[in-house]
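Just so it is clear, none of the values below were taken in a lab; they were calculated from the coordinates. Here the structure is a predicted model, which is why all the values come from computation and not from measurement. Note that we place each Cβ from the backbone using ideal geometry, even for glycine, and neighbour counts take in every protein chain shown.
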Amino acid sequence: MNIMSFLDERAVTTDLKAQQNKEEVIRELVELLVQAGSIKEKDGHKLVQILMKRESLGSTGIGQGVAIPHGKSDCVTKLVAAFGVSRAGVAFDSLDGESVTLFFLLVAPEDSAGPHLKALARISRLLKDKHFRDSLRAARDEKLLVRIIRDEDERRH
């Protein structure tokens, strides 16, 4: 499963503005999905609530500056994702206590366990690579960010 099969190029940013907390970051990533047309604007608020409820069960900050907030919702019919880089870093209750700079937001349909879990595993596996993480953080624009993800996808298929 390639990340680019569910990550819309229009839902990517090298400059997340959120600096305060989880909800601010999640809201901004959900807004990227709205702008990309992956979810309807009217579903944005509900989706933020679903994702925050998931965070209350345990942080999706997996360490090494990475978080993968995720959830299931009836507002999508297929797996969708947004990706953002925070230059400042955000406190996200990560497992290692570090602030988070790389955010992959995943939203799956209510009834899809398989693709959701495969996507989480794929993202986690790729982001274990320090060189890949550093390349994402160093990208200065969205086109380069997408190219880095696409190249890594193909290289590690």
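One compactness figure for the range 1-54 is 1.15, namely its Cα radius of gyration divided by 2.2 N^0.38 Å.
Tally Lys/Arg at +1 and Asp/Glu at -1 over every other residue whose Cβ is under 11 Å from the Cβ of residue 101; what's the total? Surrounding charge for residue 101 is +1. The Rg/Rh ratio for the range 29-113, using Cα coordinates for both the radius of gyration and the Kirkwood hydrodynamic radius, is 0.97.
Note on the chain: with a GNM built from Cα contacts shorter than 10 Å, the maximum mean-square fluctuation among 13, 101, 77 falls on 77. Residues whose amide H lies under 5 Å from that of residue 63, counting only those 5 or more places away or on a different chain, are 95, 96; hydrogens are built 1.01 Å from N in the peptide plane.
Please compute the net charge surrounding residue 38, taking Lys and Arg as +1 and Asp and Glu as -1 over other residues with Cβ under 12 Å from its Cβ.
It works out to a net charge of -2.
Take every Cα pair under 8 Å whose residues are at least 6 apart in sequence, average their separation, divide by the length of the chain, and the relative contact order is 28 percent. Once the Cα-Cα distance is subtracted from the 0.36 nm per residue extended length, the residue 131 to residue 42 segment shows a gain of 28.2 nm. Computed over every Cα-Cα pair of the chain and binned at 10 Å starting from 0, the pair-distance distribution P(r) comes out as 11, 46, 38, 5 percent. Remark: 100, 34 ranked as 34, 100, counting other beta-carbon atoms within 10 Å and listing the fewest first.
Output the antiparallel fraction of DSSP beta bridges having both residues in the range 58-134, as a percent to the nearest 5.
So the antiparallel bridges in the range 58-134 amount to around 65 percent.
For the range 5-59 versus the range 69-107, the spacing of their alpha-carbon centroids is 7 Å. With the simple spin-label model, which puts each label point 7 Å out from Cα in the Cβ direction, the residue 77 to residue 93 separation comes to 3.5 nm.
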